[in-house]
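Input: a single structure, listed below in structure tokens.
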Amino acid sequence: MAFPACLIAIIAGAGHDVTTAAAALMICGVFLGSSGLALAVFKAPPSAASGSPFQLPGYAYYGILAGTVLFGLAEASFGFWAVARDPERWAGIARFLLWVSILPLCVVVALGSLAFIA
């Protein structure tokens, strides 16, 4: 799990340097989108162990992962289209999105770590 630690370092570095904000948004967005999608496809929700996949934990699991995938794709798109074109203008919003993306990053890393335990 060395990559998420490097990703946090990239996010922290982009908070100080406006020119790296676009790359940090794209890297973080692609990581969130791909890891959320991989967890949704390859790891069963917690309610699958109880026999019925249509319980509230299953819906919450897939809802959280779908939100994470959509947030990651939106973040990568914003980094590619808006911030890369005019980094000085979008610096404040880019920093805000990078700091907000730490929460979905923690969720994806935690769910991915639980896949190795179970």
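The table below gives the values:
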{"item": "The chain: relative contact order in percent, alpha carbon pairs under 8 Å with at least 6 residues between", "result": "37"}
{"item": "Rounded to 10°, Cα long-axis angle of helix 56-78 versus longest principal axis of the chain", "result": "20"}
{"item": "Which label in (1) 31, 14, 9; (2) 41, 14, 13; (3) 25, 15, 13 gives the computed semi-axes √(5λ) of the Cα gyration tensor in Å", "result": "(1)"}
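Rule-based calculations on the coordinates, nothing more; no lab input. This structure is a prediction, so every number in the text was calculated from the model and none was measured.
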